[in-house]
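Participant: This is the structure, below, for whatever I ask next.
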Amino acid sequence: MAVNRRRFLIGAAGVAIGGAATSGLAACAPGSSGGGSQGGGGGGTPGEGNLALAFWGNPVRNKNTQAEVAAYMKANPKVKISTQPGEFNTYWDKLATQTAGGTAPDIIQMDMAYIAEYGARGALLDLAKYGVDTAKFVEGTVDSGKIDGTLVGANAGINSAVLFVNAKVFDKAKMDLPDDTTWTWDDLMQVAAEVASKAGVAHGVASMFGSDAFFGAFLRQNGKELFNDQGLAFDASDAQEWFDLMVKYQKAKAIAPPQEISEESTRPLDQSAVVVGKAAMQYYNSNQLEAVNAVAADPIQMLRYPSRTGKATERKAWYKASMLWSASSKTKNPEAAGAWINWWVNSPDAANIDLAERGIPANGELQQQVQSKLSKDQQVVAKFIADIKPELGPTPIAPPPGGGTLGSVMFRHQTDVLFGRKSTADAAKAFVDEVKSNLKV
Amino acid sequence: MSAISELSTVHRVKARTEAERRLRKREAGKDNKAGYLFLLPWLVGLLVITIGPMLASLYLSFTDYSLIQAPKWVGFDNYVRMLNDERLHNALKVTFIYVFVSVPLQLMLALAIALLLNEGMKALPFYRSVFYLPSMLGSSVAIAVLWRQMFGTDGLVNQVLRLFGLDATTGWISDPKYALSTIILLHVWTFGSPMVIFLAGLRQIPGMYYEAASIDGARRWTMFRQITLPLLSPIIFFNLVLQIIGAFQTFTQAFVVSNGTGGPSDSTMFYTLYLYQRGFGQFQMGYAAAMAWLLVVIVAVFTAINFFASKYWVFYGD
């Protein structure tokens with residue numbers, strides 16, 4: 001045979017070691033990937049220097065952001081901003097490696113799930129110190145960007161957790177849309193079960209129980225929260241109540257069979273159940289209405305999530321920051337970075353370009369100014385955000401480090417329950433234990 | 001490499017005097033220098049891209065490293081934590097099932113197709129390419145996405161089953177009972193590269209052995225067992241080692257099919273996927289580095305067992 005024993009052994013061993021090494025190990029070295037540009041040079045005065053700006057987006061947001069950067073550079077010729085557009089899932093891997101390698105972008109589009117991971121570890125700039133003014137922000141929109149009392153994120157737009165409704169599915173079932181100001185969680189179940197069976201769709205209501213936002217709302221209506229400054233602010237019995245409700249919905253066929261629910265969780269927006277008409281209702285964030293209507297064949301509308309008491313004013317809603325603007329604490333131009341963020345959140349120039357793409361502006365004056373320029377869907381959202389003001393509860397704090405994954409941990413344990421592999425009590429306990437251990441490290 | 005060894009054989013005639021011997025030695029040194037020069041690109045790559053990061057990750061495995069803050073030395077904490085990490089144990093279970101089911105299945109299929117193609121059929125290059133195609137595509141993101149569509153509750157597979165009057169609503173990738181099997185199937189389907197290697201091995205078995213055997217009245221099955229298998233055993237061994245190592249490191253398919261969650265219910269939570277989630281999702285890079293080293297040890301142990309066992313069944317012609 002042509003294969004000589006010795007040569008073969010050496011070759012195979014080399015493959016063994018090399019192969020194993022390159023896959024896992026090399027990926028874990030600090031700064032082994034990433035790259036990106038570093039904001040360098042320049043003086044420290046506001047409006048001077050080079051800035052790198054990273055954000056995740058969609059085609060509309062990419063275009064808007066480029067236009068905003070161009071407008072800003074025209075007004076401030078001494079500032080050079082280079083953009084690093086990205087996609088949500090890979091954005092965080094890249095940001096983590098960049099931060100580890102000391103090449104974090106100067107300006108960072110931030111999400112509520114991650115702000116504490118970075119902010120609590122000192123990776124984000126104290127924006128109040130560098131000229132970001134939140135005096136005109138409407139109530140409840142500043143605190144979401146504060147970690148341990150420091151402003152590390154400026155609210156880039158308001159949204160709120162809602163139910164999107166496929167009106168055509170309700171038509172098909174010959175049902176009117178329910179009154180969302182008086183309904184309870186049980187009413188929602190009955191409506192969902194009825195519309196699902198009459199219209200012949202799999203999901204009466206989709207993506208509801210795996211949503212940490214809805215679970216948070218459910219807790220808030222009972223005087224609890226997902227998190228407080230001590231850590232987890234609910235216990236296993238609260239989680240079990242939520243899981244029991246889910247089983248009740250499952251028995252009533254208000255939610256889809258487990259394999260459908262599990263599949264739905266992996267679908268992108270344009271194939272999601274409410275968009276393609278496989279769901280009557282689905283959990284979403286209000287700022288996504290326009291994006292959803294852009295891809296859905298049927299008209300999509302919005303409803304409030306229910307309350308325990310049947311009074312919308314007691315449903316403990318909140319203004320969520322759809323995203324925030326943060327700056328790296330390692331930036332060489334903190335003044336310039338702060339100046340840009342301040343311009344973005346407070347100037348009509350920026351707001352007139354972005355309108356409500358990133359959510360309704362947090363700055364109350366800008367809300368008024370852009371109102372007339374909004375698209376039809378954006379106007380619906382803006383009105384909704386204004387309407388729910390009497391229904392707001394206290395603003396929830398950002399998840400502490402390790403808490404951003406609460407939703408996915410919960411959904412995994414719920415899947416066990418839905419497939420009948422675990423009791424709600426066991427799943428609730430396992431869920432709470434796991435989140436607690438994630439918070440510890 | 002062979003050119004260099006030929007160069008040194010020129011001098012293999014025995015040196016007679018001390019001076020001659022010294023001269024020889026110096027010349028041999030020159031040869032080696034040239035050799036190392038040619039090896040340099042690879043050596044630099046090995047040191048900078050492989051060994052360096054490996055050592056760094058060994059260090060990180062003893063630290064608490066969030067990527068954002070500097071690593072903090074914690075001794076064996078990460079390794080101790082792995083003992084009590086149930087999700088890690090589940091990930092090991094999933095990965096072991098995957099390796100021990102998919103690798104033998106894939107190799108058997110590869111060998112069977114290679115035997116078929118070796119029957120001297122017309123248009124062999126065409127068929128060889130067709131069968132090899134899935135290997136090129138199989139680990140790609142596009143195919144995993146396609147797989148997700150095909151095996152969805154309303155996917156092609158269920159629609160075909162419905163044509164036969166079955167009430168097919170199974171979630172082949174969304175039901176924890178079936179999800180792993182579907183990914184195993186995807187892996188088995190990419191049998192192309194071991195097949196090509198088998199085919200090359202089969203081509204090297206001299207035809208006269210079969211002629212002699214058939215004159216002695218041996219049947220096909222006997223020929224396969226007595227001639228093909230022993231002579232092919234180094235190739236089988238090579239494929240086995242390679243595929244086992246590869247299977248332990250499976251990532252892309254699981255990542256794409258489950259959308260990075262390892263779901264449903266961790267049923268497709270492969271070891272590497274869990275490592276990735278810990279490192280990049282939960283900012284526990286120290287723990288992830290420790291996990292990577294456990295994987296190296298596991299792969300090394302399995303490769304060692306393989307090599308040890310090979311003494312008993314692999315036949316080298318020389």
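The values are calculated or read from the model by the stated rules, or taken from the named source; none is laboratory data. The structure displayed is predicted, hence computed values, not measured ones. All Cβ positions, glycine included, derive from the backbone under ideal geometry; neighbour counts span all protein chains shown.
Participant: From A:431, A:411, which residue is within 14 Å of chain B (Cβ to nearest Cβ), of a type in the set (A, V, I, L, M, F, W, C), farther than 29 Å from residue A:313 by Cα and crowded, with 21+ Cβ neighbours inside 10 Å?
Facilitator: Being within 14 Å of chain B (Cβ to nearest Cβ), of a type in the set (A, V, I, L, M, F, W, C), farther than 29 Å from residue A:313 by Cα and crowded, with 21+ Cβ neighbours inside 10 Å holds for just one of A:431, A:411, which is A:431.
Participant: Among the numbered criteria (1) more than 21 Å from the chain's Cα centre (by Cα); (2) in the same structural domain as residue B:193 (by TED's automatic domain parsing), which one does residue B:56 miss?
Facilitator: (2)
Participant: Within the stretch A:200-257, restricting attention to residues that are among the β-branched types (Val, Ile, Thr) and either under 17 Å from residue A:416 (Cα atoms) or not assigned by TED's automatic domain parsing to the domain that holds residue A:174 (or both), which residue is surrounded by the most Cβ atoms within 10 Å (Cβ to Cβ)?
Facilitator: Initially, the stretch A:200-257 is screened for residues among the β-branched types (Val, Ile, Thr), giving A:201, A:205, A:247, A:255.
When the remaining residues are screened for being either under 17 Å from residue A:416 (Cα atoms) or not assigned by TED's automatic domain parsing to the domain that holds residue A:174 (or both), the result is A:247, A:255.
Values: A:247: 17, A:255: 29.
The selected residue is A:255.
Participant: Go through (1) among the polar types (S, T, N, Q); (2) buried (at least 24 other Cβ atoms within 10 Å of the Cβ); (3) free of Cβ contacts under 8 Å to residues at least 24 places away in the same chain for residue A:262 and report which single condition fails.
Facilitator: (3)
Participant: Could you say which residue among B:116, B:156, B:107, B:111 is surrounded by fewer than 16 Cβ atoms within 10 Å (Cβ to Cβ), away from chain A (no Cβ under 14 Å), over 30 Å from residue A:272 (Cα atoms) and at pLDDT 85 or above?
Facilitator: Numbers: B:156 fails: over 30 Å from residue A:272 (Cα atoms); B:107 fails: surrounded by fewer than 16 Cβ atoms within 10 Å (Cβ to Cβ); B:111 fails: surrounded by fewer than 16 Cβ atoms within 10 Å (Cβ to Cβ).
Among B:116, B:156, B:107, B:111, only B:116 is surrounded by fewer than 16 Cβ atoms within 10 Å (Cβ to Cβ), away from chain A (no Cβ under 14 Å), over 30 Å from residue A:272 (Cα atoms) and at pLDDT 85 or above.
Participant: Out of everything in the stretch B:128-145 that is within 14 Å of chain A (Cβ to nearest Cβ) and part of a helix (DSSP H, G or I), what residue ends up being farthest from residue B:196 (Cα to Cα)? If you could, list the steps in order and put the result at the bottom.
Facilitator: Taking the stretch B:128-145 as the starting set, the residues that turn out to be within 14 Å of chain A (Cβ to nearest Cβ) are B:139, B:141, B:144-145.
From what is left, the residues that are part of a helix (DSSP H, G or I) are B:141, B:144-145.
Numbers: B:141: 23, B:144: 23, B:145: 26 Å.
For the stretch B:128-145, the residue satisfying everything is B:145.
Participant: I would also like to ask the following. If you scan the stretch B:286-297, which residues turn out to be surrounded by fewer than 24 Cβ atoms within 10 Å (Cβ to Cβ), in contact with a helix residue (DSSP H, G or I) (Cβ under 6 Å, 6 or more places away or on another chain) and more than 9 Å from chain A (Cβ to nearest Cβ)? Even if it seems obvious, please write down each step before you answer.
Facilitator: Looking only at the stretch B:286-297, we keep the residues that are surrounded by fewer than 24 Cβ atoms within 10 Å (Cβ to Cβ), and these are B:293-297.
Add one more test, that the residue is in contact with a helix residue (DSSP H, G or I) (Cβ under 6 Å, 6 or more places away or on another chain), and what stays is B:295-296.
Hits for the stretch B:286-297: nothing passes.
Participant: So which helices (runs of 4 or more DSSP H) stay within the stretch A:48-145 end to end and still have 2 or more residues that are surrounded by 24 or more Cβ atoms within 10 Å (Cβ to Cβ) and either in contact (Cβ under 8 Å) with a residue 12 or more places away in the chain or polar (S, T, N, Q) (or both)? Please lay out each step first, then the result.
Facilitator: Values: elements: A:59-75, A:88-100, A:112-119.
Result: A:88-100, A:112-119.
Participant: Inside the stretch B:1-63, counting only helices (runs of 4 or more DSSP H) that do not spill past its ends, which hold 3 or more residues that are modelled with pLDDT of 90 or more and touching a Leu at 6+ places or on another chain (Cβ under 8 Å)? Steps first, answer last, please.
Facilitator: Working: elements: B:2-10, B:18-45, B:52-60.
In the stretch B:1-63, the matching helices (runs of 4 or more DSSP H) lie at B:52-60.
Participant: Output yes when any residue across the stretch B:187-205 is more than 14 Å from chain A (Cβ to nearest Cβ), among the hydroxyl-bearing types (Ser, Thr, Tyr) and surrounded by 14 or more Cβ atoms within 10 Å (Cβ to Cβ), and no when none is.
Facilitator: Among the residues of the stretch B:187-205, at least one is more than 14 Å from chain A (Cβ to nearest Cβ), among the hydroxyl-bearing types (Ser, Thr, Tyr) and surrounded by 14 or more Cβ atoms within 10 Å (Cβ to Cβ), which makes the answer yes.
Participant: Say we look at the stretch B:51-101 and pick out the residues that are of a type in the set (Ser, Thr, Tyr) and closer than 16 Å to residue B:269 by Cα; which of these is nearest to the other protein chains (Cβ to nearest Cβ)? Before you say what the answer is, go through the steps one by one.
Facilitator: If we filter the stretch B:51-101 for residues that are of a type in the set (Ser, Thr, Tyr), which is where we start, we get B:57, B:59, B:61, B:63, B:65-66, B:79, B:95, B:98.
With the extra rule that they be closer than 16 Å to residue B:269 by Cα, the set shrinks to B:95, B:98.
Working: B:95: 12, B:98: 15 Å.
The qualifying residue nearest to the other protein chains (Cβ to nearest Cβ) is B:95.
Participant: Does residue B:234 fit the bill of being at the interface with another protein chain (Cβ under 7 Å from one of its Cβ atoms), within 30 Å of residue B:211 (Cα to Cα), buried (at least 20 other Cβ atoms within 10 Å of the Cβ) and not aliphatic (A, V, I, L, M)?
Facilitator: When the stated conditions are applied, residue B:234 passes them.
Participant: Follow-up question, since we're still on this one. Looking at the structure I just gave you, is residue B:193 in contact (Cβ under 8 Å) with a residue 40 or more places away in the chain and assigned to a loop (DSSP other than H, G, I, E, B)?
Facilitator: Working: in contact (Cβ under 8 Å) with a residue 40 or more places away in the chain: yes; assigned to a loop (DSSP other than H, G, I, E, B): no.
Judged against the criteria, residue B:193 is not a match.
Participant: Looking at the stretch B:298-316, is at least one residue facing chain A (nearest Cβ under 10 Å), aliphatic (A, V, I, L, M) and within 30 Å of residue A:88 (Cβ to Cβ)? Before you say what the answer is, go through the steps one by one.
Facilitator: Initial filter on the stretch B:298-316 (facing chain A (nearest Cβ under 10 Å)): B:298-300, B:302-304, B:306-307, B:310, B:314-316.
Those left that are additionally aliphatic (A, V, I, L, M): B:298-300, B:304, B:314.
Checking the rest, the ones that are also within 30 Å of residue A:88 (Cβ to Cβ) come to none.
Checked the stretch B:298-316: no residue is facing chain A (nearest Cβ under 10 Å), aliphatic (A, V, I, L, M) and within 30 Å of residue A:88 (Cβ to Cβ).
Participant: Follow-up question, since we're still on this one. Could you tell me which of the residues B:254, B:213, B:179 is within 24 Å of residue B:107 (Cα to Cα), touching a residue at least 12 places away in the same chain (Cβ under 8 Å) and more than 10 Å from chain A (Cβ to nearest Cβ)?
Facilitator: Working: B:213 fails: within 24 Å of residue B:107 (Cα to Cα); B:179 fails: more than 10 Å from chain A (Cβ to nearest Cβ).
Of the residues listed, the single one that is within 24 Å of residue B:107 (Cα to Cα), touching a residue at least 12 places away in the same chain (Cβ under 8 Å) and more than 10 Å from chain A (Cβ to nearest Cβ) is B:254.
Participant: On to the next question. Just to check your reading of the model, which residue among A:250, A:259 is on the phi < 0 side of the Ramachandran plot and within 14 Å of chain B (Cβ to nearest Cβ)?
Facilitator: Values: A:250 fails: within 14 Å of chain B (Cβ to nearest Cβ).
The match here is A:259.
Participant: Quick one: which helices (runs of 4 or more DSSP H) sit completely within the stretch A:301-387 and have at least 3 residues that are among the aromatic types (Phe, Trp, Tyr)? If you could, list the steps in order and put the result at the bottom.
Facilitator: Values: elements: A:334-346, A:348-354, A:364-371, A:376-387.
Passing ranges, in order: A:334-346.
Yes/no per residue for (1) more than 14 Å from chain B (Cβ to nearest Cβ); (2) among the aromatic types (Phe, Trp, Tyr); (3) touching a residue at least 24 places away in the same chain (Cβ under 8 Å):
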position: A:268; (1), (2), (3): no, no, no
position: A:275; (1), (2), (3): yes, no, yes
position: A:279; (1), (2), (3): no, no, yes
position: A:291; (1), (2), (3): yes, no, yes
position: A:313; (1), (2), (3): yes, no, yes
position: A:316; (1), (2), (3): yes, no, yes
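Participant: Select from the stretch B:274-283 the residues that are over 19 Å from residue B:302 (Cβ atoms) and either of a type in the set (Lys, Arg) or crowded, with 24+ Cβ neighbours inside 10 Å (or both) and write down the one among them that is farthest from the other protein chains (Cβ to nearest Cβ). Working first, answer last.
Facilitator: Looking only at the stretch B:274-283, we keep the residues that are over 19 Å from residue B:302 (Cβ atoms), and these are B:276-283.
Narrowing further to those that are either of a type in the set (Lys, Arg) or crowded, with 24+ Cβ neighbours inside 10 Å (or both): B:278-279, B:283.
Values: B:278: 10, B:279: 6, B:283: 6 Å.
The extreme case among them is B:278.
Participant: Let me ask something else about it. Among the residues of the stretch B:135-146, is there at least one that is modelled with pLDDT of 90 or more, assigned by TED's automatic domain parsing to the domain that holds residue B:106, surrounded by fewer than 20 Cβ atoms within 10 Å (Cβ to Cβ) and within 27 Å of residue A:412 (Cβ to Cβ)? Even if it seems obvious, please write down each step before you answer.
Facilitator: To start, the set of residues in the stretch B:135-146 that are modelled with pLDDT of 90 or more comprises none.
No, the stretch B:135-146 contains no residue that is modelled with pLDDT of 90 or more, assigned by TED's automatic domain parsing to the domain that holds residue B:106, surrounded by fewer than 20 Cβ atoms within 10 Å (Cβ to Cβ) and within 27 Å of residue A:412 (Cβ to Cβ).
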